[in-house]
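Colleague: Please see the structure below; I have some questions.
The values are calculated or read from the model by the stated rules, or taken from the named source; none is laboratory data. Given the structure is predicted, the values throughout are model-derived calculations rather than measurements. Neighbour counts run over all protein chains shown; Cβ positions are idealised from the backbone, glycine included. Accessible surface is based on the protein model in full, side chains and every heavy atom, while ligands, DNA and RNA are left aside. Shrake-Rupley method; radii C 1.70, N 1.55, O 1.52, S 1.80 Å.
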Amino acid sequence: MSSNTVKIFSGSAHPDLSRQIVKKIGRSLSNLESTLFPDGEWSIWVDEYVNNTQSFIIQPTSQPVNDNLIELCLIADALRREGARRITAVIPYFGYARQERRVRSGEPISAKVAADFLVSSGITKVITVDVHSETIGGFFNIPLLHLSALELLADRVKNLRLKDPVVVSPDVGGVRRARNLAYYLNYPIAVVEKRRFFEERDKTEVLAMGGEVSGKSAIIIDDIISTGGTIVENVKILKKAGVKKVVVCATHPVFVGNYKENLGQDTIDKVIVTDTIPVSKEKKFKNLEIVSCAKLLADAVISDHL
Ligand code: R5P
């Protein structure tokens, strides 16, 4: 990879991951100044010669979602105006992905609006990880490379050598994900059916469960842990059904609201997530393990350039 033709920039969302990615590639981050004006607007300055380059911008659009999304778009616009030939956005966590359809009339399709922002600011390709719904691929008229962290999570789970393991999908929409994890591990699967309340979108309730779990070690796999409410409801029903041990896996640690209280319960033996979103020291809790997806992303950047 020639340093003249490729530039890798990091937004402000997750500089630690960006540094790990470029380290694995054997490069350093390109120069960019990104600060906030006193009124909260971004001030962006690309301090590099980028004309005719392939430029990458690493930025999860995690909390603060709107700031991180707009910062990414502004960096892309700056690169485009300086003549970057291709601009690839590496978005380890794609915010707004859960709003990819209208659940009731009067709602926007927020994921489509986010995709339009990215494309209209000059991004020519997106690389992302375990996006909430594959529908989102259709919102882009540019290439989207969808990576999966499931194999990384599977490796960690395998090392735990759980007794009588069963992979559990915490909702019907996640069955494919659970099947894929179960395939890597060669474990059976079970499915929990949940519903989300319209009035309180953070609240869920478990309706039913399918599959044999009694006396087993359950590995719940989800794409996102936000408040941990879904997990808690799942753990309750699994424990009632006789599950002995619970390991929770998810790609994206959104971690908001009561997540610490919910995930730190004694009924949960381990929580394994990746570093698509930064988890500060204060946000960590006992039994939390973070697996890095830096190599996954570094490999994707390398093969995108070749
Ligand atoms: C929703 O369908 C997602 O896959 C997750 O299950 C959800 O975002 C988790 O949210 P929470 O942790 O707040 O229950």
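Colleague: Would you pull out the residues with amide H under 5 Å of residue 56's amide H, same chain only if 5 or more places away, H placed 1.01 Å from N?
Modeller: 7, 8, 9, 88
Colleague: Sticking with this structure for a sec: Using the beta-carbon distance between residue 239 and residue 291 and R0 = 45 Å, what value does 1/(1 + (r/R0)^6) give for FRET efficiency, to the nearest 0.05? Before the final figure, lay out the partial values.
Modeller: Details: r = 26 Å, r/R0 = 0.57.
The value I calculate is 0.95.
Colleague: List every residue whose amide H lies under 5 Å from the amide H of residue 190, counting only residues 5 or more places away in sequence or on a different chain, with H placed 1.01 Å from N in the peptide plane.
Modeller: Distant-sequence amide H within range of residue 190: 167, 168, 169.
Colleague: For residue 280 and residue 45, calculate 0.36 nm times their separation in residues minus their Cα-Cα distance, and state this gained length in nm to one decimal. Working shown, then result.
Modeller: On the way: separation 235, 0.36 × 235 = 84.60 nm, distance 2.69 nm.
Length gained between residue 280 and residue 45: 81.9 nm.
Colleague: What are the GluC sites (Glu not before Pro) within the stretch 204-293 that DSSP puts in a loop, where the Cβ has at most 15 other Cβ atoms within 10 Å?
Modeller: Details: sites: 205, 212, 233, 261, 282, 289; in loops: 212.
Those satisfying the criteria are 212.
Colleague: List the residue ranges in the chain for DSSP H helices whose C-alpha atoms run 20 angstrom or more along the long axis and whose Kyte-Doolittle average is -1.0 or above. Let's see the in-between values first.
Modeller: Working: long enough: 65-81 (24 Å, 0.47).
Flagged H segments are 65-81.
Colleague: Please work out the C-alpha center-to-center distance from the stretch 123-157 to the stretch 197-266 and express it in whole Å.
Modeller: The distance from the Cα centre of the stretch 123-157 to that of the stretch 197-266 comes to 23 Å.
Colleague: Would you list 43, 105, 217, 28 from the most to the least accessible area, probe 1.4 Å? Walk me through the numbers before you get to the answer.
Modeller: On the way: 43 35, 105 105, 217 5, 28 80 Å².
Result of the area sort, largest leading: 105, 28, 43, 217.
Colleague: For the chain, give me the percentage of DSSP beta bridges that are antiparallel, rounded to the nearest 5 percent. Don't skip to the end; give the middle numbers.
Modeller: Numbers: 11 of 51 bridges.
Antiparallel bridges make up about 20 percent of those DSSP assigns within the chain.
Colleague: Across the stretch 150-275, how many lysine pairs, 8 or more apart or on two chains, come within less than 17 Å at their alpha-carbon atoms?
Modeller: For the stretch 150-275, qualifying lysine pairs total 28.
Colleague: Another one. Could you tell me which chymotrypsin sites (Phe, Trp or Tyr not before Pro) in the stretch 1-102 are loop residues by DSSP with no more than 13 other beta carbons within 10 angstrom of their beta carbon?
Modeller: Working: sites: 9, 42, 45, 49, 56, 93, 94, 96; in loops: 49, 93, 94, 96.
For chymotrypsin sites (Phe, Trp or Tyr not before Pro) across the stretch 1-102 that sit outside H, G, I, E and B with at most 13 neighbouring Cβ atoms in 10 Å, the list reads 49.
Colleague: To the nearest 20 debye, what is the magnitude of the charge dipole of the chain about its Cα centre, counting +1 on the Cβ of each Lys and Arg and -1 on the Cβ of each Asp and Glu?
Modeller: Numbers: 40 positive and 36 negative charges, 212 e Å.
Using Cβ point charges on Lys, Arg, Asp and Glu, the chain gives about 1020 debye.
Colleague: Another one. As an exercise, use a Förster radius of 25 Å and the Cβ-Cβ distance of residue 81 and residue 256 to find the FRET efficiency, rounded to the nearest 0.05. All intermediate terms of the calculation are to be shown ahead of the outcome.
Modeller: Numbers: r = 35 Å, r/R0 = 1.40.
About 0.10, to the nearest 0.05.
Colleague: Can I ask one more? Considering only DSSP beta bridges whose two residues both sit in the stretch 150-275, what percent are antiparallel, to the nearest 5?
Modeller: Values: 6 of 24 bridges.
Antiparallel: roughly 25 percent of the beta bridges in the stretch 150-275.
Colleague: Can you check what the Kirkwood hydrodynamic radius comes to for the stretch 150-275, Cα pairs only, in Å to one decimal? Don't skip to the end; give the middle numbers.
Modeller: Working: mean 1/r = 0.0704 Å⁻¹.
Its Kirkwood hydrodynamic radius stands at 14.2 Å.
Colleague: Students often forget the sequence filter, so: which lysines lie under 23 Å Cα-Cα from residue 125 once same-chain residues fewer than 8 apart are removed?
Modeller: Filter leaves 7, 23, 24, 112, 295.
Colleague: Right, next: Counting only C-alpha contacts under 8 Å and six or more residues apart, can you give the relative contact order of the stretch 85-192 as a whole percent? Walk me through the intermediate numbers first.
Modeller: On the way: 146 pairs, mean separation 23.5, N = 108.
Once normalised by length, the contact order is 22 percent.
Colleague: I need to check one value: relative contact order of the stretch 150-275, counting alpha carbon pairs closer than 8 Å and at least 6 residues apart, in percent.
Modeller: Result for the stretch 150-275 is 24 percent.
Colleague: 222 nm [θ] for the chain, helices only, -39500 (n - 2.57) per DSSP H run of 4+, per residue, to 500?
Modeller: Working: 8 runs with 89 residues, N = 306.
It lands at -9000 deg cm²/dmol.
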